Structures are given as C-alpha cells and as structure tokens.
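K.L.:
Sending over a structure as structure tokens; questions will come in a sec.
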Amino acid sequence: MAADQSAKTGADIVPAPPQANTHCTAADYDRLYAQSVSDPDAFWGTQAERIDWMTPPTVISNWDYDPVDIKWFEDGVLNICHNALDRHVAAGKGDVTALIFEPDDPNSEARKLTYAELLSEVSKMANCLKAMGVKKGDRVTIYMPMIPEGAMAMLACARIGAIHSVVFGGFSPEALAGRIEDCGSRFVITADAGLRGGKTVPLKANVDAAIDEPDHETPLDGVLVVNHVGADIAMVQGRDHWYHKLAATVSNDCACEPMAAEDPLFILYTSGSTGKPKGVLHTTGGYAVWTATTFHYVFDYQPGEVFWCSADIGWVTGHSYIVYGPLLNGATEVMFEGVPNYPDFSRFWQVIEKYQVNIFYTAPTAIRALMREGDEPVKAHDRSSLRLLGTVGEPINPEAWRWYHQVVGEGRCPIVDTWWQTETGGTMITTLPAAHDMKPGSAGKPFFGIQPQLVDNEGGVLEGATDGNLCIIASWPGQARSVYGDHERFEQTYFSTYKGKYFTGDGCKRDEDGYYWITGRVDDVINVSGHRMGTAEVESALVSHAKVAEAAVVGYPHDIKGQGIYCYVTLNAGEEPSDELVAELRKHVRTEIGPIATPDHLHLTPGLPKTRSGKIMRRILRKIAENDYGSLGDTSTLADPSIVDSLIEGRLNR
Ligand code: WT7
C-alpha cells in the first residue's frame, strides 16, 4: 500500500517503526480523532481528567469565532503549578528526577532536581515574589538564561496567579522595554548574566538599560536577580533583590492560588505582519489540558524515559514542551543552557549519550547546521538510547529529514514533525509515532480535535488534494484567547481574513492521503532559524536610523536558517552608500531588536519599485532577493520601471 501511495503522491513514505509501548495505535487514532471532531466536549471532557482540578469543569467548550470569544472548561478551578509539581509529589513520585540541567560549559557542574526539590524551590521563589509585592493578576516579565531558575520563575508565577511574560534572553534592551511597557509589567525576574556558547549575555545590565530607555514610562517595583555567573552588576537599593538572599528569608511552603480555567496564565510576544509584536494571551485550564494531552500522545512518553527539547523558554516551544507539557506528565527532562556548536559540533550528541536521552526535539535549522559538519561528530557518541525524534519551527527539507532519521536516529526512530504556532499553544499537525507512516517534509495529520481547512484567496473552501491558505475551523483547548490589552487586534489579525475561521498565516498543501505540507508564511512574516520575524519590525528598526529614508524587508531561501533577512534600504538625500554604513545599519538593527534580526543582506538602492499610487511591490523584491529574475511578472505598472534593472544589478554585485 505504501508503495502505491508513494507513486501517487510522488513522495517518500517511511513506515512507522513498531513501538514496544504506545499510547496510540493507528486504530486508536482513527477512533479518537473521529470522536474528537464529532463530539469534542465528550473527548475533551475525558482528556481534562489528566488534570487535578480543585473544582472539575462541567462546561467543556463555549466558543464563537464571530465575534471572537473562546472559553474552555470555564467553570473549572485549578492551579497548573500544582499539577506540574505538587500532584506528583503527593502521588509518591517526589524522588523522580524532574530536571537535569546541563550547563553551557561541559566542564561546569550539572544539576539534577527531583520533583520534591523543584516544588520546594518553586515555592521559595513564589514566596520571594509575594515578598516583593507581586499579586494575582500582576504581570511579571521573565528575562532569563536557560537555567532551572527560568522554569522555576514561570512556575512560581503560575503558583501565585501572576501572569508571566517571558522575553527571550537574546532580545535587546529596546525590545525588552517595549514588552515590559506593553503589558504594564512592574516586576522582572532575571539573572546577573547568561552563558551561551562561551559568551556572556549581560541580562541584568540589559534590564537596567531597558528601564532607562527614554520612552519607557512604567517604573519597576521589583527586580529579582538570580546569581548565575557572579557577574559584576549594579543593584538598585529597594528595587533589586538577589534571589539567593531573599530566598534565605522565606519559607519553602506556598499554597497554590485557585485559578478559574479562563484566568490568564501567560503572555508571549510574537511578531506579525504589521506593527509591534503582539502579546499573545493564553489562559490556564485549556492550556493545561492541551499541553498535557499533546505531550502524552505526540512524544508517546513512557514513565522513566528521558525527554529533551532543545528550545529556549523564551519561545512557545519552551513554554509548552520544556515547562508545562513534560512536568504535567511527570516526565524527566534535560534542560540545556548551551548551543549545538559549543565547544564543538558534537555537543548535542554528547548530551544525548551522557543522559541516555530517549526523546529528542529540536529545530530543522539546528539539524541543517549539524548536517553540514558531516556524520563524524554524531557517530562519535552512542545514540542507542534514542527512541523518538521530533522537529518544530519551520518546514523541514526532506534531505535534512533523512539525515536526522538515518544518521542521528540510525533509521530506528520515528520522527514527529510538529506544526504549530505561538497562538496554538501546542502541536496541531503531526504524525503520531506508532499510528502513522511518515512522509519526509510533511507535518502529517491533524491532532485530536483539530479541523484544518484550506481556502483560496477569496475564502472559497478547497476540497481534496490541493494547495491553499491554512485555516482551522473549530476551537481547541490550547488556542490563544486574545492579544493582551487589544482584543480587536486579535480578531482583526486571525479571524477577519476568512470570517468565522482562525487563519494561521501559513500556506499549505494537502495530498491524497490527507497529509498536510506547510509551504511557509503567506503574510509578511519570515521564519529565520525557526523564529518568527515581522518584516515590518525590521523595517521600522531600519528607518529609525537617521540616515535611512525607506526600507523594505523580505525573506529569501537560506541554507541553514531556512529564510534569511534581505533588506532594501534607500538613504536620505545627501547620504553616500558605503560598506561602513552597511555595517552600521546591521548593528543598528541588532541594537533595536536583537541578534536574531541581523540582516543577512543589506542592499542600498537609490529607489524601491513602487506603483504609481506609491505602494512598494514586494513581489518583485522577493524575486530579486531569491535571484529569480525570470518571473518578475508585470513591471509596467511601476512608476519607474528602470528601478528593476538597477536592483538586479545591485543584487548580482553581492
Ligand atoms: C510558524 C509559527 C511552533 C513553535 C515554534 C514556532 C512555522 C512551525 C512548523 C513545522 C512547518 C512550521 C509556521 C508557523 N512552523 N512549525 N513543523 N513545519 N512550519 O512558533 O514563532 O509562533 O511560528 O512557524 O510558519 O506559522 P512561532
């Protein structure tokens, strides 16, 4: 059968290898999926039993996409931190290892924390927050390295009902300031500094710089500082507190705040096609059920196994599959501070061998970068513990998929390619390891409860094997509920393009077997190394430079990053293009946003291709950035068609 389908779709099919234990066979998937869409309340009512509720919900779902109002388990009461920690300790699993911390430098000391130890630490941190004046509903910004205290900070907030807003440690003071300001956060949890690939990241100094930003209005009431590397930092009397000092004065016993299912759990900023990053809001009950359920099925986690997700807690992957999903399932997991290429390219495989990792979850960009170094660094380490591999963040090219499967996983491990988004809270489309054959490059089938729909640009529904814009037509428990402080923007961004449907922003192909192939963003968002970047954000960073008149930013294919950032820039009258200015502008973008937004190509041009009404024709800019000059399309509507030749010449010269 597999061979037949392969002939039909032209794609490889890799059969699901048998699993000794599984939570879901092919027959289970068919039965459960059918139930999850025909009677979602019955299905999710059962899944909600994974959670220990203070008051179990009687109402399961209650949502509408027009106008947008999404509620799950609305009369349920719970605390997600209790579910991640206390519950396991109470069940006699206090001695099970929760976190295995592997530091950036392999010669530094690793740490292991059991569930009982983590509970005690989180309770202490929660009491520190209370001592600083943090109350239920307050927003707390977390700007941390990848150390256990980062996860503890999130759980401590959840424990006392504060809303966490984690900002990736690679963001600049400017970007941090915007995210503190937007949600009116008056508290920050940070560290003196972080370590990544042997380099020090001055986190506390960045917090200080953020507060000093001229347009930063909200003063901070408290900053909790974890002493991680012993960096020399400034402490503001009365505002800044060393965590270890404050922790020594509080108890390690802290009651969990009862939270209504729809009480906010966290805000996470993400880029869109327009404007500033949006504070995507997730609430407590639905997110708990969703992350617990997806982790259980997608990774098919079995008690005693060691799980490792190599993401950062600053992204949604870290929220759902480092902090909440694994801990809700009582799993043992690795938390890694470092990067794949430090001290050398075998770091990942060395960690896998050291901790006998069974399930490994990483991004295609890391796989491509490691693949380029050849098989030797991989084969230098024993990977026989691996049972399952996963990828997330961007489409994986079949070549990288095969290398991951054959070389890393020795052809033995199924791969789950998980498609999802900050807004979806957890995995939406994937193959399940024991249930589905895999097709390299395809994310696979919808997870339980997920009803994808492909539509054309006018919103017409497309059936069967086809290409279209990916929408989801029914809510799921982990769906974002709003944009913090701007529900209209939430409606506008996700539910207005195709009325009554959640529009993902992704293009997608569905094949004859009902497998989904994500083809990438169809909006002005680019995906750089699995991180979402709004072209508008980079443009506004560029035009904030005194010498820049206009900027247009597009993505283009990049061997390692998936997409690179290509910037077309025009200068103010009287400014001369130069290599120095190019370097200065690149640096300016890093300062404004952070290193992840560093332009790969900065193209100084005398003009941009515009229509007579002044609209920049991005289609043309994309084609030129892609070095694809044969299909520029109709350029006759341009105000000045000659600009195209000059742009092509500029492109060829670099
Ligand atoms: C966008 C969401 C999901 C957490 C990390 C990124 C792209 C994500 C896949 C995948 C193809 C993928 C999409 C999506 N994407 N996973 N497995 N295959 N594309 O979260 O920053 O919210 O970005 O990442 O384009 O819309 P995010």
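K.L.:
Could you pull the accessible area for residue 59 with a 1.4 Å probe, rounded to 10 Å²?
P.N.:
50
K.L.:
Next up: For residue 482, enumerate residues with amide H under 5 Å from its amide H, sequence gap 5+ or separate chain, H modeled in the peptide plane.
P.N.:
281
K.L.:
I'd like the accessible area for residue 396, computed on protein heavy atoms only with a 1.4 Å probe and all protein chains in place. Round to 10 Å², please.
P.N.:
Taking all protein chains as shown, residue 396 has close to 10 Å².
K.L.:
Quick one: net charge around residue 288, please, counting Lys, Arg +1 and Asp, Glu -1 for every other residue with C-beta under 13 Å from its C-beta.
P.N.:
Working: positive: 50, 87; negative: 49, 52, 262, 263.
For residues surrounding residue 288, the net value is -2.
K.L.:
Please give the Cα centre distance for the stretch 224-285 versus the stretch 508-557, rounded to the nearest Å.
P.N.:
Each part reduced to its Cα centre gives a spacing of 30 Å.
K.L.:
Which percent, to the nearest 5, of DSSP beta bridges fully inside the stretch 532-654 are antiparallel? Write out the running numbers ahead of the final one.
P.N.:
Values: 12 of 16 bridges.
For the stretch 532-654, the DSSP antiparallel bridge percentage is about 75.
K.L.:
Next question. In sequence order, what are the phi-derived ³J(HN,Hα) couplings for the stretch 86-98 according to the Karplus relation 6.51 cos²θ - 1.76 cosθ + 1.60 with θ = phi - 60°, rounded to whole Hz, with x for glycine and proline?
P.N.:
3, 4, 5, 5, 4, 8, x, 9, x, 8, 5, 5, 8
K.L.:
Moving on to the next point. Take the alpha carbon atoms of the chain, find their radius of gyration, then divide it by 2.2 N^0.38 Å using N residues; give the quotient. If you can, show how the numbers build up before the last one.
P.N.:
Numbers: Rg = 24.4 Å, N = 654, 2.2 N^0.38 = 25.8 Å.
Taking the Cα Rg and dividing by 2.2 N^0.38 Å, one obtains 0.94.
K.L.:
I've got another one for you. Pairs 547/587; 561/615; 204/561: which exceed 19 Å Cα-Cα? Let's see the in-between values first.
P.N.:
On the way: 547/587 14 Å; 561/615 29 Å; 204/561 29 Å.
Among 547/587; 561/615; 204/561, the Cα-Cα distance tops 19 Å for 561/615; 204/561.
K.L.:
Going out from 0 in 10 Å bins, what whole percent of all Cα-Cα distances in the stretch 286-327 drops into each bin?
P.N.:
The distribution over the stretch 286-327 is 30, 59, 11, given as percents.
K.L.:
Skipping prolines and chain starts, which residues have an amide H placed within reach, meaning under 5 Å, of the one on residue 558, given they are 5 or more residues away or on another chain?
P.N.:
563, 564
K.L.:
Please report the base-10 log of the normalised intensity I(q)/I(0) for the stretch 499-555, using a Debye sum with one equal scatterer per alpha carbon and no solvent, at each q in 0.20, 0.28, 0.31 (1/Å).
P.N.:
-0.83, -1.10, -1.18
K.L.:
Just to check I understand the Karplus step: with θ = phi - 60° and J = 6.51 cos²θ - 1.76 cosθ + 1.60, what whole-Hz values come out for the stretch 540-549, glycine and proline as x?
P.N.:
Going residue by residue, I get 6, 4, 5, 6, 6, 7, 4, 8, 9, 8 Hz, with x marking Gly and Pro.
K.L.:
Give or take rounding to whole Å, what are the principal axis extents of the alpha carbon atoms in the stretch 8-131, in descending order?
P.N.:
53, 44, 32
K.L.:
Okay, moving on. Please report, in whole Å, how far the alpha carbons of the stretch 415-559 spread along each principal axis, starting with the longest.
P.N.:
Cα spread of the stretch 415-559 along its principal axes, largest to smallest: 57, 38, 27 Å.
K.L.:
Out of every Cα-Cα pair in the stretch 450-516, what percent are more than 19 Å apart?
P.N.:
Numbers: 749 of 2211 pairs.
Of the Cα pairs, 34 percent sit more than 19 Å apart.
K.L.:
With a 1.4 Å probe and all protein chains in place, put 354, 623 in order of accessible area, largest first.
P.N.:
Details: 354 100, 623 55 Å².
My answer, sorted largest first, is 354, 623.
K.L.:
Shifting gears a bit: Per residue of the stretch 577-591, in order, report the coupling 6.51 cos²θ - 1.76 cosθ + 1.60 (Karplus, θ = phi - 60°) as ³J(HN,Hα) in whole Hz, putting x for Gly and Pro.
P.N.:
Going residue by residue, I get x, 7, 4, 5, 5, 4, 5, 5, 5, 4, 5, 4, 5, 4, 5 Hz, with x marking Gly and Pro.
K.L.:
Let me ask something else. Where does the Debye-calculated log10 I(q)/I(0) of the stretch 381-470 sit at q = 0.14 Å⁻¹, using only Cα point scatterers of equal weight, no solvent?
P.N.:
After summing over all Cα pairs, the log10 values are -0.57.
K.L.:
Got the relative contact order for the stretch 475-566 handy, in percent, Cα pairs under 8 Å and 6 or more residues apart? Working shown, then result.
P.N.:
On the way: 100 pairs, mean separation 14.6, N = 92.
Answer for the stretch 475-566 is 16 percent.
K.L.:
Return the long-range amide H neighbours of residue 228 (sequence gap of 5 or more, or a different chain), with a cut-off of under 5 Å between placed amide H atoms.
P.N.:
Hits under the 5 Å cutoff: 192, 193.
K.L.:
When only C-alpha pairs under 8 Å and at least 6 residues apart count, what is the relative contact order of the chain, in percent? Let's see the in-between values first.
P.N.:
On the way: 1428 pairs, mean separation 87.1, N = 654.
Relative contact order here is 13 percent.
K.L.:
Determine by what factor the alpha-carbon radius of gyration of the stretch 555-624 differs from 2.2 N^0.38 Å, reporting the quotient. Provide the component values of the computation, followed by the final result.
P.N.:
Numbers: Rg = 13.3 Å, N = 70, 2.2 N^0.38 = 11.1 Å.
Relative to the 2.2 N^0.38 Å estimate, the stretch 555-624 comes out at 1.21.
The values are calculated or read from the model by the stated rules, or taken from the named source; none is laboratory data. Since the model is a prediction, treat every value here as computed from it, not as a measurement. A quick note on method: Cβ atoms are made from the backbone with ideal geometry, for glycine too, and the neighbour counts reach across all protein chains shown. The accessibility values were calculated without ligands, DNA or RNA, using every heavy atom of the protein model including side chains. Shrake-Rupley method; radii C 1.70, N 1.55, O 1.52, S 1.80 Å.
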